[in-house]
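The values are calculated or read from the model by the stated rules, or taken from the named source; none is laboratory data. Here the structure is a predicted model, which means the values were calculated and not measured. Positions of Cβ are backbone-derived with ideal geometry, glycine not excepted, and every protein chain shown enters the neighbour counts. Areas reflect the complete protein model, heavy atoms only, side chains present, ligands, DNA and RNA absent. Shrake-Rupley method; radii C 1.70, N 1.55, O 1.52, S 1.80 Å.
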Amino acid sequence: MTPFHLKIVTPDGLIFDGQAEELIVRTTGGDVAILARHMDYVAPLGMGRAIVVSGGTRRNAACIGGMLSVSGGEVTLVPTTFEWSDKIDVERAEAAYQRADKVLHDENASQMDLKLAEAKLHRALVRKSVASYK
(Lines give C-alpha, C1' and ligand atoms only; values in the text may rest on other atoms or scores of the structure.)
Protein backbone atom coordinates (compact mmCIF):
# COMPACT_ATOMS: atom_id res chain seq x y z
CA MET A 1 0.00 0.00 0.00
CA THR A 2 1.17 3.54 -0.74
CA PRO A 3 1.98 5.53 2.42
CA PHE A 4 0.94 9.08 3.27
CA HIS A 5 2.08 11.53 5.94
CA LEU A 6 0.00 11.36 9.13
CA LYS A 7 0.25 13.66 12.09
CA ILE A 8 -1.75 13.07 15.29
CA VAL A 9 -1.70 15.99 17.73
CA THR A 10 -3.69 16.32 20.97
CA PRO A 11 -3.78 19.15 23.52
CA ASP A 12 -1.16 17.09 25.41
CA GLY A 13 1.25 17.07 22.46
CA LEU A 14 2.38 15.16 19.39
CA ILE A 15 1.28 11.50 19.41
CA PHE A 16 2.37 10.40 15.92
CA ASP A 17 4.25 12.02 13.06
CA GLY A 18 5.21 9.68 10.24
CA GLN A 19 4.15 7.54 7.34
CA ALA A 20 0.94 5.50 7.44
CA GLU A 21 -0.80 3.28 4.94
CA GLU A 22 -4.30 3.61 6.39
CA LEU A 23 -6.27 5.55 8.99
CA ILE A 24 -9.75 4.54 10.09
CA VAL A 25 -11.49 6.90 12.47
CA ARG A 26 -15.01 7.64 13.74
CA THR A 27 -16.42 10.99 12.64
CA THR A 28 -19.74 12.43 13.78
CA GLY A 29 -21.15 11.11 10.49
CA GLY A 30 -19.73 7.59 10.81
CA ASP A 31 -16.45 5.77 10.25
CA VAL A 32 -14.11 6.89 7.47
CA ALA A 33 -11.01 5.26 6.03
CA ILE A 34 -8.19 7.41 4.71
CA LEU A 35 -5.70 6.03 2.19
CA ALA A 36 -2.99 7.71 0.13
CA ARG A 37 -4.27 10.19 -2.47
CA HIS A 38 -7.53 10.78 -0.55
CA MET A 39 -9.38 13.89 -1.69
CA ASP A 40 -9.23 16.97 0.54
CA TYR A 41 -11.58 16.42 3.44
CA VAL A 42 -12.47 17.91 6.84
CA ALA A 43 -14.71 16.29 9.46
CA PRO A 44 -15.46 16.58 13.17
CA LEU A 45 -14.54 13.49 15.18
CA GLY A 46 -16.97 11.48 17.25
CA MET A 47 -16.11 8.91 19.93
CA GLY A 48 -14.75 5.57 18.82
CA ARG A 49 -11.88 3.34 17.86
CA ALA A 50 -9.18 4.66 15.57
CA ILE A 51 -6.98 2.29 13.59
CA VAL A 52 -3.57 3.38 12.31
CA VAL A 53 -1.68 1.10 9.93
CA SER A 54 1.98 2.10 9.69
CA GLY A 55 4.84 -0.01 8.39
CA GLY A 56 2.41 -2.91 8.06
CA THR A 57 1.60 -2.76 11.80
CA ARG A 58 -1.98 -2.16 12.87
CA ARG A 59 -2.50 -0.16 16.09
CA ASN A 60 -5.80 0.65 17.79
CA ALA A 61 -6.62 3.69 19.89
CA ALA A 62 -9.51 5.38 21.62
CA CYS A 63 -10.12 8.62 19.72
CA ILE A 64 -12.57 11.13 21.16
CA GLY A 65 -13.61 14.53 19.78
CA GLY A 66 -11.67 16.96 17.63
CA MET A 67 -11.11 17.23 13.88
CA LEU A 68 -9.73 15.27 10.93
CA SER A 69 -8.18 17.11 8.01
CA VAL A 70 -6.85 15.85 4.67
CA SER A 71 -5.22 18.56 2.59
CA GLY A 72 -2.84 18.12 -0.33
CA GLY A 73 -2.10 14.53 0.69
CA GLU A 74 -1.25 15.49 4.29
CA VAL A 75 -3.48 13.95 6.95
CA THR A 76 -3.83 15.65 10.33
CA LEU A 77 -5.82 14.19 13.19
CA VAL A 78 -6.44 16.62 16.06
CA PRO A 79 -8.45 14.70 18.65
CA THR A 80 -9.34 15.97 22.10
CA THR A 81 -8.29 12.58 23.49
CA PHE A 82 -6.23 9.86 21.82
CA GLU A 83 -5.03 6.80 23.73
CA TRP A 84 -3.28 3.80 22.20
CA SER A 85 -5.06 0.60 23.30
CA ASP A 86 -2.01 -0.72 25.17
CA LYS A 87 -1.84 2.50 27.25
CA ILE A 88 -5.48 2.57 28.42
CA ASP A 89 -5.91 2.13 32.16
CA VAL A 90 -8.88 -0.26 32.20
CA GLU A 91 -9.42 0.09 35.96
CA ARG A 92 -9.62 3.88 35.61
CA ALA A 93 -12.08 3.52 32.71
CA GLU A 94 -14.21 1.13 34.79
CA ALA A 95 -14.18 3.56 37.74
CA ALA A 96 -15.29 6.39 35.41
CA TYR A 97 -18.05 4.15 34.08
CA GLN A 98 -19.27 3.37 37.62
CA ARG A 99 -19.26 7.07 38.63
CA ALA A 100 -21.21 8.08 35.51
CA ASP A 101 -23.67 5.23 35.94
CA LYS A 102 -24.32 6.31 39.53
CA VAL A 103 -25.19 9.86 38.40
CA LEU A 104 -27.49 8.51 35.67
CA HIS A 105 -29.47 6.61 38.33
CA ASP A 106 -29.66 9.59 40.72
CA GLU A 107 -33.22 10.91 40.86
CA ASN A 108 -31.94 14.32 42.01
CA ALA A 109 -29.41 14.81 39.21
CA SER A 110 -29.90 17.93 37.09
CA GLN A 111 -30.28 17.75 33.31
CA MET A 112 -26.76 19.13 32.95
CA ASP A 113 -25.37 16.47 35.31
CA LEU A 114 -27.20 13.78 33.34
CA LYS A 115 -25.87 14.97 29.98
CA LEU A 116 -22.31 15.14 31.35
CA ALA A 117 -22.64 11.69 32.93
CA GLU A 118 -23.95 10.27 29.64
CA ALA A 119 -20.91 11.62 27.77
CA LYS A 120 -18.55 10.27 30.44
CA LEU A 121 -20.26 6.89 30.30
CA HIS A 122 -19.88 6.75 26.51
CA ARG A 123 -16.21 7.73 26.75
CA ALA A 124 -15.57 5.05 29.39
CA LEU A 125 -17.27 2.43 27.22
CA VAL A 126 -15.14 3.41 24.21
CA ARG A 127 -11.94 3.23 26.28
CA LYS A 128 -12.86 -0.17 27.76
CA SER A 129 -13.78 -1.55 24.34
CA VAL A 130 -10.61 -0.30 22.64
CA ALA A 131 -8.45 -1.64 25.48
CA SER A 132 -9.47 -5.17 24.44
CA TYR A 133 -7.53 -4.71 21.15
CA LYS A 134 -4.10 -4.72 22.83
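Checking the condition aliphatic (A, V, I, L, M) and in contact with a Pro (Cβ under 7 Å, 6 or more places away or on another chain), which residue from M39, M47, M67 passes? Walk me through how you get there before you give the answer.
Details: M39 fails: in contact with a Pro (Cβ under 7 Å, 6 or more places away or on another chain); M47 fails: in contact with a Pro (Cβ under 7 Å, 6 or more places away or on another chain).
One residue alone meets the criteria, M67.
Pairs are defined by a Cβ separation below 9 Å, a sequence spacing of at least 6 or placement on different chains, a first member in segment 76-98 that is without any contact (Cβ under 8 Å) to a residue 40 or more places away in the chain and within 15 Å of G48 (Cβ to Cβ), and a second member that is open to solvent by 70 Å² or more (accessible area, probe 1.4 Å) and of a type in the set (A, V, I, L, M, F, W, C); the pairs so defined are A93/L125.
Just one of the listed residues (E74, E83) is open to solvent by 50 Å² or more (accessible area, probe 1.4 Å) and either among the acidic types (D, E) or under 14 Å from I8 (Cα atoms) (or both), and it is E74. Annotation note: of D31, D17, D40, D12, the sole residue that is in contact (Cβ under 8 Å) with a residue 24 or more places away in the chain and among the acidic types (D, E) is D40.
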